[in-house]
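Structure, as structure tokens:
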Amino acid sequence: MSAVPASGGPPEPLAPLEYSGASQVGGPLLVVHGVEGVGWDEIARVRLPSGELRHGLVLEVSGDTAIVEVLQGTGGIDPDLVSTAFEGRPFDIPVGDGWLGRVWNGMGEPLDGGPPMLASERRTVNGSPLNPSQRDVPSDPVFTGVSVIDSLATLVRGQKLPVFSSAGLPHLQLATQIAAQANVAGENFKVVVAAMGLTHADAATMREVLESRAASGDLVLVLDTADDPVVQRVLTPRVALTIAEYLAFERDQHVLVILADMTSYCEAVREVSAARGEVPGRRAYPGYLYSDLASLYERCGRIRGHAGSVTLVPVLTMPGGDITHPVPDLTGYITEGQIVLSPDVQASGVYPPVDVLSTLSRLMRKGVGEGRTRADHMALAAQIIAALARSRAARELADLIGADALTETDRIYLDFEDAFYRDLVNQSPDEARTMPETFERAWGVISVLPERELTMMPAASIAAHYRGSLRKADGPAAETGEAPEPSGDDHG
Amino acid sequence: MSVGAATGRVVRVNGPLVEVAGLSGVAALDVVEVGPLRIPAEVVSIRDGLLTAEAFEYTGGLRVGDVAVSSLRPLSARLGPGLLGGVFDGLLRPLAEAPTWLTPGALAEHPSGASWPFAPASIDVGTVLSPGATLGTVTTGSGFVHRVLVPPDVHGALTWLAGPGATGDDDVVATVAGRAVNLWEEWPVRWPRPVRERLRPFAPLVTGQRVVDLFFPIAHGATAAVPGGFGTGKTMLLQQIVKWADVEVVVFIGCGERGNELADAMADLTALNDPATGASLRERTVVIANTSNMPVMARVASVYTGMTVAEYFRDMGYRVVVLADSTSRWAEAMREFSSRSGELPAEEGYPASLSSSLAAFYERASRVTTLGGTEGSVTLIGAISPAGGDMTEPVTSQTVRYVRCLWSLDRDLAYARHYPAVTWRHSFSLDDASIANWHATQGRSGWVEARAQALALLAEADRLSSVVELVGLGALPARERIVLLTGRLLREAILQQSAMSENDAYCSPAKQAALLDMVLSVHDKCLSLIEGGLPASAVEEIDLSTVTRARDETGPDDAEGVTRLRDEVLARMASEP
Ligand SMILES: Nc1ncnc2c1ncn2[C@@H]1O[C@H](COP(=O)(O)OP(=O)(O)O)[C@@H](O)[C@H]1O
Ligand SMILES: [Mg+2]
């Protein structure tokens, strides 16, 4: 009866039986008695008297009882009139190029008025763990066109680098900007955006900004809005990652996956867990949240002998700005660094409001340097970060015991910090900066410091790029902030 | 393996929790195989004929009514000469030959049919052998001498011993007391392998990491815990120890952590050579990789499997270090399962057995006289990932009670890029006294005093910096200002150590002592300068960058180089007005 060919996996039952009636409905759960031969985690088709079809997943089988989680919720289901069939295979989706350039909902159904995705190949949305001994070490950059990221927290192909944000900050704007601009300098590149729990207004903005990239067939948008059923939200990133894995490892593409907002995703997981009556853990999130998040985040990487890669940028809002909250905490334990957005930087009018000192790309060292970005990149980044640490200390000291206590050098560091935010970090949400331009700006900023302060820079780099001590706020470094000079389009 | 075993039926599946009825002759902790893919599952309880088991693979598609068979044994590791240099999952199934995507059933238990050059010991047939006696050796490609021992439960006369030559994995190499002894043996991973006698830890395990070796040293056969929030450097510190520890065998357990960093670590180990043997460091290392996206229940197995492998090499008379990154993921896996099986939760949802499980695991570290009468040791170092960085959470607070060393990682230090971010405030070593004795026997009798003085200066500098935040530096007397200066030197010249630097990644004990001596000599010199009337502000202006750069500008074992730099600095200071 199942119209869809199975893609390997467990054999299908001979003929999916329909079981009529349910002993219990409520929240996302439906309990069916008298079943036989139902496997754990397989798909159920739930039919209402109106003919409406819903999908469900088997959460537990015990004796002749199956507990089914209905993706669209159980609203409107009369336990006496519902009928359920089990398909004998896990939740899967067709794979192919047909996803590109289109907008889909969290279950992979079209949202753009186009035809449904059809392909003979199917993959289960949970994927399979990648054999760790087959992984290749991530070692090439992805350029986001966002100066502060490209210069100080370079994203590396195969890396997972989250954005930690707080309510009211422009993390969605930043995520959309990265989705619109990111590239790998001419190689095959695709973007898959999974939006979870977005408001309709945010979703509309996102679709608008990404329109041109979608039109060129390089982007897939999987859109789950705040009013979609929570179980579907749990599926959304899995659908997106399944599409991405196919494009990367079967079609040799470098794929960037953006997952926003992971906090909405985790709340959906919590809601489903509560409906299942599970023992709650920290802040009522289930104890398996770490493993659940890892089953998403670990789906990025590179595989030996494959040209493609999956790079992951999860975006999340820290409830109450608290980095020890389970969502950022567990994410941080899995990902390879983090980009932190800060209300303080936002208050000073800088976009993107990145708190550089708590930001780190753990894999950056492998992804930059000669032949990748530029020979002086790592030392330049280390020097800027060290200088920012020093200027922050100077600012704190000035706040405590007065600016008079500062040495002349400390004061130069404060000027450096101003120049840093004004000339390097601050950029427009629709401005894509090339690497040469970003380096140009970074050197302009570091040149605010006297040469003797550049203890981490090799002499050769200083000779090639240092522009002398530009102390004044209205020096040339500032001017480039107003009118970026057009730079060549070669990426280092 | 399952020949003759009765079959039962699956009656309930909820993720990794599987219930089986109708299977008799099964003991608690035995492994049963469920479903058509014969997924291994460990029996955790038996009640009125109903077995509750935790599956080591994804159970999607497993149905009520599917067949379950007993493997008639507890979860066991196959131990033999193919382990070194290999990478395995939590059940010790080789990953190198496995497919790219690990679907259930993809991993085979048996190692590939390799053959090994067996060299018999010279023992006569008829000799009565005790457990642990050496039957022969296999020297692997890297020169490692692998001893084939009489298994712990075999005792009696040797009736046959194979001649020298190529021997397959499953070939019999000897018959003792009527029992065939293979190159490979199986051992149930949850049971510690027996020893003749436990010895007290004595000599330090040199890690080449100054903050450890100088301040919070660990002895061979002892234990250490490394708690720290994300990004504080747990993995980096453990991997430094993988590379530099003075042991013959390293077992690294990647328990519920990242795939990329394992790939990176393995590439690093392949590229580095063991100074002792000249072979690549991979060849002395067994990697157990159960990354966070691999089946959760195999994480629980992975720590026991890793420990069993370590004990196996210990029993050959080797010094072994086990690094478990991260033990929190193991504890969480236990929590996940106990909550699924409806067990009453204790603290933060962890099972009440958490504490005893941790204690029993850490107790398997030991320095011993083996059954064969030689000395061997297993040192255990476990990373802990406290939720929210909260050191009072159950895994951290319980583990700390059972370990001999604590290396606490501090988020503020890590954010200030002070690596390794081991805080001197909340770390300890209970073996410092015995290690001090050992240093004395090596002619470094000054070790104790230098260490004590440095720790005292660090503590005083900490106290003084909080005073300075209130009143400013100018308000401090000259001597206190020098203490602050020395505190900074201790942090920058000694405690900080770059894992990325060729010169600094490893630091020999002699160079460590020389660096510490340099900082303390400079401290004394500064004090004598202020006594001579030089104002503290002038002493603070002296360029001491030679001191902070010395660790990076001299070779890993260049103690003389450090001493030369010390003399240079002291001479320059002596010429201050
Ligand atoms: N000894 C060290 N030397 C240089 N960098 C380090 C060192 N220890 C940690 N780091 C930096 O900190 C980052 C996080 O370290 P890691 O060990 O992965 O943290 P954890 O395992 O605690 O999450 C590394 O990617 C590296 O950039
Ligand atoms: Mg780690």
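The values are calculated or read from the model by the stated rules, or taken from the named source; none is laboratory data. Treat the numbers as computed from the prediction; the structure is a model and nothing was measured. Note that each Cβ is placed from the backbone with ideal geometry, even for glycine, and that neighbours are counted across all protein chains shown. When the accessible area is computed, the model is the full protein with side chains, heavy atoms only, and any ligands, DNA or RNA have been set aside. Shrake-Rupley method; radii C 1.70, N 1.55, O 1.52, S 1.80 Å.
Quick notes on this one:
- Between the C-alpha center of segment A:117-188 and that of segment B:500-522 there is a gap of 41 Å.
- Taking the Cα centre of segment B:112-185 as reference, the dipole from Cβ charges on Lys and Arg (+1) and Asp and Glu (-1) amounts to some 140 debye.
- Once the Cα atoms are used to define both axes, helix A:408-419 deviates from the longest principal axis of chain A by about 40 degrees.
- Kirkwood-Stokes translational diffusion coefficient of chain B, alpha-carbon pairs, 25 °C, 0.890 mPa s, µm²/s: 95
- The protein assembly as shown - accessible surface per residue (Å², probe 1.4 Å): 36
- ³J(HN,Hα), Karplus 6.51/-1.76/1.60, whole Hz, each residue of segment A:244-254, x for Gly, Pro: 5, 4, 5, 4, 6, 9, 10, 10, 6, 9, 8
- Computed from Cα positions, the angle between helix B:509-531 and the longest principal axis of chain B comes to roughly 30 degrees.
- Percent of Cα pairs exceeding the 19 Å cut-off, where the set is segment B:7-74: 13
- log10 of Debye I(q)/I(0), alpha-carbon scatterers only, for chain A at 0.13 Å⁻¹: -1.19
- Think of chain A as a dipole: +1 on every Lys or Arg Cβ, -1 on every Asp or Glu Cβ, centred on the Cα centre; then among A:HIS33, A:HIS325, A:ILE462, A:ILE462 lies furthest on the positive end.
- Surface calculation, 1.4 Å probe, protein heavy atoms: A:GLU408 sits at approximately 100 Å² accessible.
- Pairs exceeding a 27 Å alpha-carbon distance, out of B:LYS234/B:LYS525; A:LYS366/B:LYS511; B:LYS234/B:LYS511; A:LYS160/B:LYS511; A:LYS190/A:LYS366; A:LYS160/B:LYS234: B:LYS234/B:LYS525; A:LYS366/B:LYS511; A:LYS160/B:LYS511.
- Derived scalar couplings between HN and Hα for segment A:144-149 equal 9, x, 9, 4, 5, 6 Hz in order, rounded to whole Hz, by the Karplus curve 6.51 cos²θ - 1.76 cosθ + 1.60 (θ = phi - 60°), x for Gly and Pro.
- The mean count of C-beta atoms from other chains within 10 Å of the C-beta of residues in B:260-269, rounded to a whole number, is 6.
- The string of couplings for segment B:378-383 from the Karplus curve (6.51, -1.76, 1.60, θ = phi - 60°) is 10, 9, 10, 10, x, 7 Hz, one whole number per residue in order, with x for Gly and Pro.
- Projecting the Cα atoms of B:ALA333, A:VAL345, B:LEU406 onto the dipole axis of the protein assembly as shown, where Lys and Arg carry +1 and Asp and Glu carry -1 at the beta carbon, places B:LEU406 farthest toward the positive end.
- Computed E for A:SER23/B:ALA166 - FRET, C-beta separation, R0 56 angstrom, nearest 0.05: 0.30
- Once the gyration tensor of the Cα atoms in segment B:223-298 is diagonalised, the equivalent ellipsoid follows with semi-axes of 22, 15, 12 Å, ordered largest first.
- Centroid-to-centroid, using Cα positions, segment B:33-65 and segment B:352-376 are 30 Å apart.
- Near the amide H of B:ASP246, within less than 5 Å, lie the amide hydrogens of B:VAL206, all on another chain or at least 5 residues away, with H placed in the peptide plane.
- Mean residue ellipticity at 222 nm, helices only, chain A: -9500 deg cm²/dmol; runs of at least 4 DSSP H residues each add -39,500 (n - 2.57), and the sum is divided by the number of residues.
- Value of Rg to Rh for segment B:73-115 (Rh from inverse mean 1/r over Cα pairs, i.e. Kirkwood): 0.94
- For B:GLY168, the amide hydrogen comes within under 5 Å of the amide hydrogens of B:TRP116, counting only partners 5 or more places away or on other chains and with H modelled in the peptide plane.
- Summed over both chains, the contact between B and A buries some 5100 Å² of accessible surface at a probe radius of 1.4 Å.
- Here the simple spin-label model places points 7 Å from the Cα toward Cβ, and for B:ALA27 and A:ASP399 these points are separated by 6.4 nm.
- Scanning residues 5 or more positions from A:ASP218 or on other chains, those with amide H under 5 Å from its amide H are A:GLY101, with H placed 1.01 Å from N in the peptide plane.
- About the centre of its Cα atoms, the protein assembly as shown shows a dipole size close to 2100 debye [charges on the beta carbon of Lys, Arg (+1) and Asp, Glu (-1) only; nearest 20 debye].
- Farthest positive-ward along segment B:447-574 dipole, Cα basis, beta-carbon charges - from B:PRO556, B:HIS523, B:SER466: B:SER466
- With Cα atoms, 0 to 90° folded angle of helix B:354-363 axis to chain B main axis: 80
- Where the alpha-carbon atoms of segment B:112-185 are placed on the principal axes, they occupy 32, 22, 21 Å, in descending order.
- A Förster distance of 30 Å, applied to the separation of the beta-carbon atoms of B:ASP390 and B:ALA416, puts the FRET efficiency at 0.90.
- Dipole magnitude for segment A:217-307: about 360 debye, using +1 per Lys or Arg Cβ and -1 per Asp or Glu Cβ, origin at the Cα centre.
- FRET efficiency estimate (nearest 0.05) - Cβ-Cβ, B:GLN442 to B:ARG549, R0 35 angstrom: 0.80
- In this simple spin-label model, placing a label point 7 Å from the Cα along the Cα-to-Cβ direction at both B:GLU186 and A:GLU121 gives a separation of 4.0 nm.
- Percent breakdown of C-alpha pair distances by 20 Å bin, ordered from the shortest bin, for the protein assembly as shown: 12, 40, 35, 13, 1
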